[in-house]
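Asks: Take a look at this one; I'll ask things after.
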Protein chains: 2
Amino acid sequence: MRYYTRLGLLKPAKSVNGYKSYSNKEVSRLKFILSARNLDFSVADIKEIINESEDGKSACPLVRSLIKERLEETEKQFQAMLALRGKMSSALSQWEEMEDKAPTANMVCHLIENFEQIKKA
Amino acid sequence: MRYYTRLGLLKPAKSVNGYKSYSNKEVSRLKFILSARNLDFSVADIKEIINESEDGKSACPLVRSLIKERLEETEKQFQAMLALRGKMSSALSQWEEMEDKAPTANMVCHLIENFEQIKKA
DNA sequence: TTAGACCTGTGTCTAAGACACATGTCAAGT
DNA sequence: ACTTGACATGTGTCTTAGACACAGGTCTAA
């Protein structure tokens, strides 16, 4: 992707004509980036990881700690989506059985305005 | 929020001094917007719904059809997150037991580069 | 030689706000 | 009356991770 090149994650050497030349290194780096993106590392994370490894250090500890963070975030979002999904499907089924109403000065749509999640006791 | 005002969803009358005056209508409209956002309607959806209701029509059919769409999207994202979560936690536990390795010319971090999701048979 | 197919970097767009900023206005204290 | 500090205003920029477009350069085949 040109995007990664723009960010400086890839630095392809230009051949004489101006076209990019993709060395083995660039190719494997791109693969690395894509693998990392697949695991939900952010581009900033990846930058950090690459920097670490360019200093000759092992990036593994950093990688472990980052995945822990990202996993927690994902878990939170997952729970949020779970709740949202429940709320939405509850709304959908409620609304199927409610009649239409015309809007009023203070109400755009009663379906939404009067929707209350049925609490799970 | 000033954001909604910027988008023209709220049109508060300015009082003489330049401060906004929030009529009942504006207040209830803001509440409507927030309720709709809670149900994962996009701001564009909300705009559409409001337009419909400003024409005097009942927005209910539109609302029902939109929530259906949004719910399907949410379901997809939910499944994606479920898979992602599994992948990430699998990576995490795998990596806990693997040793650090220094980077090489073609490898940034072997944890990521060699990670393969264990397929569920 | 030239047409068409490819490549280049760069600029703008996305969603839903968050944050900052210069300016404007108010109430209270001196 | 004047000033200070606390709020309000609209507007501009920033965020993510790219997608798309565009003007221009370069290659290959006819």
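Asks: Could you go through the range B:68-81 and let me know if any residue there is in contact with a Cys (Cβ under 6 Å, 6 or more places away or on another chain), within 8 Å of chain A (Cβ to nearest Cβ) and of a type in the set (A, V, I, L, M).
Replies: Residues of the range B:68-81 in contact with a Cys (Cβ under 6 Å, 6 or more places away or on another chain): none.
Within the range B:68-81, none of the residues are in contact with a Cys (Cβ under 6 Å, 6 or more places away or on another chain), within 8 Å of chain A (Cβ to nearest Cβ) and of a type in the set (A, V, I, L, M).
Asks: Looking only at the range A:17-39, filter to residues that are modelled with pLDDT under 95 and within 11 Å of DNA strand D (Cβ to nearest atom); which one of those is farthest from B:M81 (Cα to Cα)?
Replies: Here the answer is A:N17.
Asks: Next question. Which residue pairs have Cβ atoms under 8 Å apart, sit 6 or more places apart or on different chains, and have a first residue in the range A:71-84 that is under 16 Å from B:N38 (Cβ atoms) and a second that is in a helix (DSSP H, G or I) and open to solvent by 90 Å² or more (accessible area, probe 1.4 Å)?
Replies: A:M81/B:Q77
Asks: Collect the residues in the range A:44-54 that are near DNA strand D (Cβ under 10 Å from one of its atoms) and within 14 Å of chain B (Cβ to nearest Cβ), keeping them in residue-number order.
Replies: Residues satisfying the conditions are A:D45, A:I46, A:K47.
Asks: Based on this model, can you work out whether A:S93 counts as out of contact with any strand residue (DSSP E or B) (no Cβ under 9 Å at 6 or more places or on another chain), small (G, A, S) and more than 7 Å from every other protein chain (Cβ to nearest Cβ)?
Replies: Taking the combined requirement at face value, the residue satisfies it.
Asks: Being at pLDDT 95 or above and more than 16 Å from DNA strand D (Cβ to nearest atom) is the requirement here; does B:K57 meet it? Show your work before the answer.
Replies: Values: at pLDDT 95 or above: no; more than 16 Å from DNA strand D (Cβ to nearest atom): yes.
Taking the combined requirement at face value, the residue does not satisfy it.
Asks: Filter the range B:8-27 down to the residues that are surrounded by 14 or more Cβ atoms within 10 Å (Cβ to Cβ) and under 23 Å from the mean Cα position of the chain (by Cα), then identify the one that is nearest to DNA strand C (Cβ to nearest atom).
Replies: Here the residue is B:L9.
Asks: Considering each residue of the range B:32-60, count those that are within 20 Å of A:D100 (Cα to Cα) and either open to solvent by 10 Å² or more (accessible area, probe 1.4 Å) or touching a Gly at 6+ places or on another chain (Cβ under 9 Å) (or both), and give that number.
Replies: Total meeting the criteria: 11.
The values are calculated or read from the model by the stated rules, or taken from the named source; none is laboratory data. These figures come from a predicted structure and were not determined experimentally. In this analysis, Cβ positions are derived from the backbone assuming ideal geometry, glycine residues included, and neighbour counts consider all displayed protein chains. Each accessible area value is taken on the protein alone, full model and side chains, heavy atoms only, with ligands, DNA and RNA left out. Shrake-Rupley method; radii C 1.70, N 1.55, O 1.52, S 1.80 Å.
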